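Please treat every number below as a calculation from the coordinates, not as lab data. Quick caveat, the model's predicted, so the values are computed rather than measured. Neighbour counts are summed over all protein chains in view; Cβ atoms, including those assigned to glycine, are modelled from backbone coordinates with ideal geometry.
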Amino acid sequence: MGADALTENLQNLLWAAAKKKLILVLEGMENIDDTDNAKLLDWLPAFPRRFKRA
């Protein structure tokens, strides 16, 4: 499965969970390679409006 498919699957899960409370924990962020500014989290899909990013 490619990166685009993984991002799409994650976005589908987030939108499905938009009706419920969801806490998304990203552990091990210090291990992410900073290639292409990956640490900026631009690779995360769009969140539904009611989700808060902290």
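Starting from residues that are of a type in the set (Asp, Glu) and in a helix (DSSP H, G or I), keep the ones in the range 1-31 and report whichever is surrounded by the fewest Cβ atoms within 10 Å (Cβ to Cβ).
Glu30
Under 6 Å between Cβ atoms, which residue pairs at least 6 apart in sequence (or on different chains) link something in the range 21-45 that is in contact (Cβ under 8 Å) with a residue 24 or more places away in the chain with a partner that is part of a loop (DSSP other than H, G, I, E, B) and surrounded by 10 or more Cβ atoms within 10 Å (Cβ to Cβ)?
Partner pairs satisfying both residue conditions: none exist.
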